Amino acid sequence: MSCNRCPEPCQLPSNNVNKLRSLWKRFWPQKRPTASHQLAPLPSQATIALVGSPNVGKSLLFNLLTGGYTTVSNYPGTTVEIAKSQGIIGGQKVTIIDTPGMYSLMSMTEEEQFTRDFLLTEPIDLVIHVIDAKHLSRMLALTFQLMETQIPVLLAVNMLDEAEKSGIWVNEKQLEASLGIPVVTLSAAQKRGIQTLTAKVANYVYTPALSYSY
Ligand SMILES: Nc1nc2c(ncn2[C@@H]2O[C@H](COP(=O)(O)OP(=O)(O)O)[C@@H](O)[C@H]2O)c(=O)[nH]1
Ligand SMILES: [Mg+2]
């Protein structure tokens, strides 16, 4: 099995426990990423995973990005369902995956374990971490965990309509500067911010060997 982070194919142990242990070591490094561990050039058809807590709007966003035509299947060996579809972003075909809800990479439930293992083993080019703007600070914990995996992360702060009703305003630019990753504020329900999201995804996904710092 090869990982999509390294320019050269790398061998992972076949044993599941060893495999995960080695992945954790790799994706949870003690040191900051070095120049030698930058992204390999991205494939022509990028894969994007929507990740986040339950009820933050991942599936609604998935439908908006894919036009609703979806293949839902059980991930091999599990009862966990995964929705996969094609979308067009920046004029190019992308594969978009809607993952089961997760609160943390320190997973507890079968769904969380599945999503964590899925992110660490499958060739994902970009993770869109969808969060609820009303619970921004609580949900940023998973953003940091995802950033530690070294998979490129874009933060989608959803439910802006509800947040604004509660008097919560999110400063996209400031958040972007603080985190060092692309941030988009949006309301999937109102279809607000979708164009900005696709524009930022297009920039991010199709820039080879892009690295981030935080
Ligand atoms: N008000 C509001 N509701 C939203 C928004 N995005 C999603 N929802 C609603 O939130 C609920 C959960 O959305 P869903 O996509 O199933 O969340 P998931 O569990 O993360 O996949 C649904 O009733 C959606 O219609 C949003 O931006 N604003
Ligand atoms: Mg869902």
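By the count of neighbouring beta-carbon atoms within 10 Å, fewest first, Lys58, Lys173, Lys200 end up ordered Lys173, Lys200, Lys58. Beta bridges from DSSP with both residues in the range 85-214: antiparallel share about 40 percent, rounded to the nearest 5. Modelled spin labels at Thr71 and Gln45, positioned 7 Å past Cα toward Cβ, are 0.9 nm from each other. Ranked for footprinting exposure by Cβ neighbours inside 10 Å, fewest first, Thr66, Thr78, Thr115 give Thr78, Thr66, Thr115. Site pair Ala177 and Thr121 shows an inter-label distance of 4.2 nm when each label is modelled 7 Å from Cα along Cα→Cβ.
Among His135, His129, the order by Cβ neighbours within 10 angstrom, fewest to most, reads His135, His129. Taking label points 7 Å from Cα along the Cα-to-Cβ direction, Ala141 and Ser104 give a separation of 0.5 nm.
The lysine pair tally for the range 45-205, using Cα distances under 19 Å and a gap of 8 or more places or different chains, is 12.
No value in this document is a laboratory result; all are computed from the given coordinates. Being a predicted model, the structure only gives us computed values, none of them experimental. Neighbour counts run over all protein chains shown; Cβ positions are idealised from the backbone, glycine included.
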